[in-house]
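Okay, so here's the structure we're looking at.
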């Protein structure tokens with residue numbers, strides 16, 4: 001039986017870090033910070049299930065709410081929130097660095113993953129790798145509005161996981177964009193899935209998180 005996650009808060013920093021810390025039963029060596037998409041929070045079922053799969057493999061997880069979500073329980077981030085959200089991610093990484101002695105990774109779903117890439121482009125030594133779920137390459141039905149400006153500066157190894165029917169970026173669009181990244185990267189496609197990666201139903205509660213952790217371990221070794 002997996003240990004229950006612990007409520008986590010670091011109120012000594014600004015922005016504060018708030019969420020849940022999952023500690024493996026075995027001694028922790030590595031950790032990952034995971035955060036949520038624009039309309040969600042760190043209690044998103046996919047993040048909870050993914051954290052459980054990581055913990056089963058001995059990797060600590062900090063699921064955290066971005067600063068905009070700490071300020072407002074509902075609604076998407078505002079245009080002026082992004083810089084502060086990235087500062088919140090930086091503080092969360094620092095908290096994980098104090099928790100585990102080994103490598104620390106960063107990532108999240110959609111908006112949270114995008115902010116992780118932008119932060120890492122500006123701070124290439126911050127983390128040892130990125131796990132990016134449903135990267136929002138462009139708004140749905142607006143393929144001309146690409147969110148790729150920072151990708152040529154991304155020097156952190158990145159594993160992208162994307163549904164083949166995600167309206168935020170089709171597979172060929174994603175592959176083209178990722179060629180801009182100088183760092184080692186890989187795209188894992190979830191066949192037939194949309195922006196939620198097909199995370200629905202009892203079966204996916206087991207299969208998808210295990211698949212993602214397996215791909216993560218293969219990519220980062």
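Just so it is clear, none of the values below were taken in a lab; they were calculated from the coordinates. Because the structure is a prediction, the values reported are computed rather than measured. So basically every Cβ, Gly included, is an ideal-geometry build from the backbone, and we count neighbours across all protein chains shown.
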Arrange the peptides 167-174, 89-96, 5-12, 104-111 so that the one whose residues have, on average, the most other Cβ atoms within 10 Å appears first. 104-111, 89-96, 167-174, 5-12
Principal axis dimensions, largest first and in whole angstrom, of region 6-220 by Cα: 42, 38, 34
With an 8 Å cut-off on Cα pairs and a minimum separation of 6 or more residues, tell me the relative contact order of region 65-171 in percent. 22 percent
With a Cα-only, solvent-free Debye model of region 107-205, what are the log10 I(q)/I(0) values at q = 0.10, 0.23 Å⁻¹? -0.24, -1.20
Give me the number: length gained by fully extending residue 99 to residue 210, i.e. 0.36 nm times residue separation minus the C-alpha to C-alpha distance, one decimal in nm. 37.6 nm
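Which whole-number percent gives the relative contact order of the chain, counting Cα pairs below 8 Å spaced six or more residues apart? Write down the numbers at each step before the final one.
On the way: 469 pairs, mean separation 36.9, N = 221.
Value for the chain: 17 percent.
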